[in-house]
Amino acid sequence: MASNGIVLLRRTRLRVTARGDLLTNYESSLVVSLQLANAADTAILTTVEQVLDSWSSPVPGNCQQLIEALLNQLAAAGLVRSEAQLAAIAQQAAIRSQTGMNAGY
């Protein structure tokens, strides 16, 4: 077992209506350096693992398994972009950056 560890978490939670409208967007981040020989640090790691397990449990209002039907529903609602759309967005951002057009954003 490792004697040191780093916990790095980044979580984004989107809440979407049945029509596909975005209700809320929650984001959180955490970085912790742990000494796993220390009982308190081991307890922190155990708590983090338990919370992550609860977040990833497919229960109503918490999260859903991404299956093809859900992906299609999200795409139809305009919440999922294609590779071509992402490439176009990246290209537009590069052009704005080169021309200085993103001042004020």
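The values are calculated or read from the model by the stated rules, or taken from the named source; none is laboratory data. Quick caveat, the model's predicted, so the values are computed rather than measured. Cβ sites come from the backbone with ideal geometry, for glycine too, and all protein chains shown count toward neighbours.
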Handout entry: From the options Ala39, Ala18, residue that is of a type in the set (A, V, I, L, M), out of contact with any Gly (no Cβ under 9 Å at 6 or more places or on another chain), loosely packed, with under 10 Cβ neighbours inside 10 Å and at pLDDT 85 or above
Key = Ala39
Practice task
Sort out which residues of segment 48-72 are among the β-branched types (Val, Ile, Thr), without any contact (Cβ under 8 Å) to a residue 24 or more places away in the chain and surrounded by 11 or more Cβ atoms within 10 Å (Cβ to Cβ), and write them in order of number.
Solution key: Val51
